[in-house]
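Encoded as structure tokens, the structure appears first; notes follow it.
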Amino acid sequence: MEEEKYFDLFSDYNPELSSDRSFMAHLERNIEAVEFVKSQAEQLHRKNRIAIISAAVAGFVFGVLSTLCYPMLSEFVRRWSLSETELGQFVADYGSVMIWIVICAVVITMTYSVYDIALAIANKSDEPKR
């Protein structure tokens, strides 16, 4: 009984199939589109890898340079904390923490900037020349 209902439902369905040539042409266009997307993804992956490596090296260099500046910054904060105000006492208590927060912020900012610059240069090098 159920089978007859399904048979009746689909008995009038007679889809027209496209020709083999148009099917192959459509398939080739789709394959070319997939290959294009794949090549673009590989290029983007290469650009990101170069930018990440540049940012990592820059972060390491800026981190080392900032850490080398720590004694100078510590001396500056120590002089500032000699005042007898509440702010001076706060700086005396938390001066080294504040220095490390500033060092970290500078290193993070510089690393992110180098990443953006490297990515912009990589993208600009792929633009067609006018």
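The values are calculated or read from the model by the stated rules, or taken from the named source; none is laboratory data. Only a predicted model underlies this, so the values are computations on that prediction, with no experimental measurement involved. Virtual Cβ from ideal backbone geometry, glycine too; neighbours counted across all protein chains shown. Each accessible area value is taken on the protein alone, full model and side chains, heavy atoms only, with ligands, DNA and RNA left out. Shrake-Rupley method; radii C 1.70, N 1.55, O 1.52, S 1.80 Å.
Ser74 meets all of the listed conditions (1) at pLDDT 90 or above; (2) in contact with a Ser or Thr (Cβ under 8 Å, 6 or more places away or on another chain) but one, namely (1). In the stretch 78-130, of all residues being more than 30 Å from Ile52 (Cα to Cα) and among the aliphatic types (A, V, I, L, M), the one that is least open to solvent (accessible area, probe 1.4 Å) corresponds to Val91.
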